[in-house]
There are 2 protein chains.
Amino acid sequence: MPVASGCPYGMHRVLEPKGSLPQGAQRLDNTMEIYDNEILVDVETLNIDSASFNQIRQQAGDDERRMAEIMLEIVATRGKHHNPVTGSGGMFIGRVREIGSALQSRELKVGDRIASLVSLTLTPLVIKEIKRIHKDTAQVDIAGQAILFSSGIYAVLPQDLPEKVALAVLDVAGAPAQTAKLVKPGDTVLVIGAGGKSGSLCLHEAKKRVGPAGQVVAMDYGEAAVNRIKGLGLADVVLNVDATKPIDCLQVLHGACGKLADLTINCVNIPQTEMASILCTRDGGTVYFFSMATSFTAAALGAEGVGKDVTMLIGNGYTKNHALIALEVLRENPKLRQLFSEIYV
Amino acid sequence: MPVASGCPYGMHRVLEPKGSLPQGAQRLDNTMEIYDNEILVDVETLNIDSASFNQIRQQAGDDERRMAEIMLEIVATRGKHHNPVTGSGGMFIGRVREIGSALQSRELKVGDRIASLVSLTLTPLVIKEIKRIHKDTAQVDIAGQAILFSSGIYAVLPQDLPEKVALAVLDVAGAPAQTAKLVKPGDTVLVIGAGGKSGSLCLHEAKKRVGPAGQVVAMDYGEAAVNRIKGLGLADVVLNVDATKPIDCLQVLHGACGKLADLTINCVNIPQTEMASILCTRDGGTVYFFSMATSFTAAALGAEGVGKDVTMLIGNGYTKNHALIALEVLRENPKLRQLFSEIYV
């Protein structure tokens, strides 16, 4: 039975150190009795972050039984699946069991299947049983429960898309949703790392919004990525160049388009692509860094070092309705849906 | 005599590795003969980055002669004062000796005293003699020369401000200039780390722009900082709270103002203040991270973790006319000018 309201950010669940937020906490209270502004979920599957999953595999010598022990040990110690070595978490899929009285106005009902869109590093979790470990997908089927705080975002899984496809999209939902907010008609939009999961969704949103006077430029490196992009038919220009070589990128872009980008979206999952993003953007333009490989200082000092007056945005993984926007992309675009069904599942 | 045009970003000066930009280069060509889009400067003083200066002091056992040897060795090896241990540089002060023909239209003339606003890590430099090492200020008087590329930003030193005061302001010029661009009338603007160098300049720009319907909230930690802020008379509300404790900050701000900030400017020079900045900003608001201690992933994942839809900006050290804007603050505000003369020189 729900007790009093907790902190919307879950501070009431932090056991140590006191005063920290759940993500930074060493240990959470994972008692599966909800406060009236929490949601209790019966968890079916954990999507372990790939860095964390690989570390666990290594530590266990690839032995599944030992992997299960390590995972149980993490949760027993911390009250959450927060890998102490990699510092990373993942997300979960499950079915809503109970909704706190303070959250009854939400469009969510007991029995709904949801995916958490906040990290396991801040999610109170109990694992009763580890049923199966899928080494190929870093998914782990369990019997267990988790708690979402009132600030904790989630998505109700759609009926019309395969679960794995939906999850692949939800994992990067912030990117297309932010692209939708940033692109203006007439813009030249450059997507770096356009052949990847987040990049290809951004291409779709950019193409929809630039209109006939704008153009979408896709940049990636290697024949496979370039062919994948061409097959989508979303980019007006496709450039094959190494994003860690800023001057090459600048020259190739300028050679192909005769101008620089109004908006550059960086979706590259390798480090040291900040300068290419900055140099390829016009003075007064905007760079959106969605890649987690972005270095804050490399971007800040890099722009200063070349005297480039660009607005640089940190890719917030969340923006309002991001799950809705990202899932809709696959409904609008059969080719992207096929790509996600074939490659990113 | 000037030779042909070089790359605006100085790629033509990179000896190794080929294809990298000057900042990332191991070694630059520091031949003091300019290309027609370069500027040659007789250098008087190097302002060594404090991390670099301290490392050199330590390595030299605080011996000035040995420090000089280390500095000469760095420049002999790399063609720039790019400390191989700390990775950092600094800036220089000098007098313009020659302006390439392609840059003659600039408002700059031979003989002008300038401060470089790009890092020594990307600046071709020759040191002929080290004259004096100022251990208290990390300044080193030299005889030498340096080259600015056409993208290299600099400021002509003002006649009406003491040089050290001007330098202290120029060091953080991006912060007040960006604040000037971001603040809108009626805004509630929160400056975190408001008692410091960049923070106090931001307070001035914010106060000028919020108008009677807006308010400026200053946050810092400790009596000294708080009293300094109160003495300036620029903040409508002054809060004494530890910015590494996000929930404390949120509660103190909400208690004092009854609402969250439309714009939060983070000028704190210590790590782990991202969450306080995010939590103190309203949904749909903006966080401007000027602090080099900002972690990209802490900000990106942190906002997602609490489901906060805020625009997060990476503090570009450069924006158009930033030196002009920042120096003007001290002319407009005698109290700030006094503060800078007393404390930050």
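See the values below:
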| quantity | calculated |
| --- | --- |
| Total residues in the range A:295-314, condition farther than 26 Å from A:G255 by Cβ and either modelled with pLDDT under 95 or more than 8 Å from chain B (Cβ to nearest Cβ) (or both) | 6 |
| In the range B:191-242, residue surrounded by the most Cβ atoms within 10 Å (Cβ to Cβ) [restricted to those that are among the polar types (S, T, N, Q) and within 17 Å of the chain's Cα centre (by Cα)] | B:S200 |
| Single unsatisfied condition, A:A173 versus (1) free of Cβ contacts under 8 Å to residues at least 40 places away in the same chain; (2) buried (at least 24 other Cβ atoms within 10 Å of the Cβ) | (1) |
| Filter result (surrounded by 15 or more Cβ atoms within 10 Å (Cβ to Cβ), part of a loop (DSSP other than H, G, I, E, B) and not aliphatic (A, V, I, L, M)) within the range B:91-113 | B:G100, B:D112 |
| Selection count, the range A:301-314, where residues are buried (at least 24 other Cβ atoms within 10 Å of the Cβ) and within 23 Å of the chain's Cα centre (by Cα) | 2 |
| Count of the range A:8-24 residues which are farther than 27 Å from A:T137 by Cβ, touching a residue at least 40 places away in the same chain (Cβ under 8 Å) and within 14 Å of another protein chain (Cβ to nearest Cβ) | 5 |
| Selected residue (only one of B:A146, B:A115, B:A138 is touching a Phe, Trp or Tyr at 6+ places or on another chain (Cβ under 8 Å), among the small types (G, A, S) and closer than 21 Å to B:R57 by Cα) | B:A138 |
| When residues of the range B:127-137 are limited to those that are among the β-branched types (V, I, T) and not in a loop (DSSP other than H, G, I, E, B), the one surrounded by the fewest Cβ atoms within 10 Å (Cβ to Cβ) | B:I130 |
| Meets criteria (more than 21 Å from A:E304 (Cβ to Cβ), of a type in the set (S, T, Y), out of contact with any Pro (no Cβ under 7 Å at 6 or more places or on another chain) and in a helix (DSSP H, G or I)) for A:S198 | yes |
| Which numbered condition B:P124 misses (of (1) modelled with pLDDT of 95 or more; (2) in contact with a Ser or Thr (Cβ under 7 Å, 6 or more places away or on another chain); (3) not basic (K, R)) | (2) |
| Qualifying residue in the range B:140-153 (condition: over 30 Å from B:A235 (Cα atoms) and under 16 Å from the mean Cα position of the chain (by Cα)) | yes |
| Enumeration of residues in the range A:276-294 that are at the interface with chain B (Cβ under 8 Å from one of its Cβ atoms) and of a type in the set (A, V, I, L, M) | A:L279, A:M292 |
| Tally, over the range B:138-166, of residues that are of a type in the set (G, A, S), assigned to a loop (DSSP other than H, G, I, E, B) and under 17 Å from B:E98 (Cα atoms) | 3 |
| Any pair with Cβ under 8 angstrom, 6 or more apart, that starts in the range A:109-137 at a residue that is at positive phi and ends at one that is modelled with pLDDT of 95 or more | A:G111/A:R95; A:G111/A:V96 |
| Residue ID - farthest from A:D42 (Cα to Cα), chosen from residues in the range A:65-90 that are among the basic types (K, R) and surrounded by 13 or more Cβ atoms within 10 Å (Cβ to Cβ) | A:R66 |
| Hey, A:S5 more than 13 Å from chain B (Cβ to nearest Cβ), surrounded by fewer than 17 Cβ atoms within 10 Å (Cβ to Cβ) and within 23 Å of A:G100 (Cα to Cα) or not | yes |
| Output for the range A:312-345, where each listed residue is farther than 19 Å from A:L117 by Cα and in contact with a Ser or Thr (Cβ under 8 Å, 6 or more places away or on another chain) | A:M312, A:L313, A:L336, A:L339 |
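Residue by residue, here is whether (1) within 14 Å of chain B (Cβ to nearest Cβ); (2) within 24 Å of the chain's Cα centre (by Cα); (3) over 23 Å from A:L339 (Cα atoms) holds:
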residue: A:T244; (1), (2), (3): yes, yes, yes
residue: A:C249; (1), (2), (3): yes, no, yes
residue: A:G255; (1), (2), (3): no, no, yes
residue: A:K259; (1), (2), (3): no, no, yes
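The values are calculated or read from the model by the stated rules, or taken from the named source; none is laboratory data. Keep in mind that what you see is a predicted model, and the values were worked out from it rather than measured. Because the Cβ atoms are built from the backbone with ideal geometry, glycine has one as well, and the counts that use them run over all protein chains shown.
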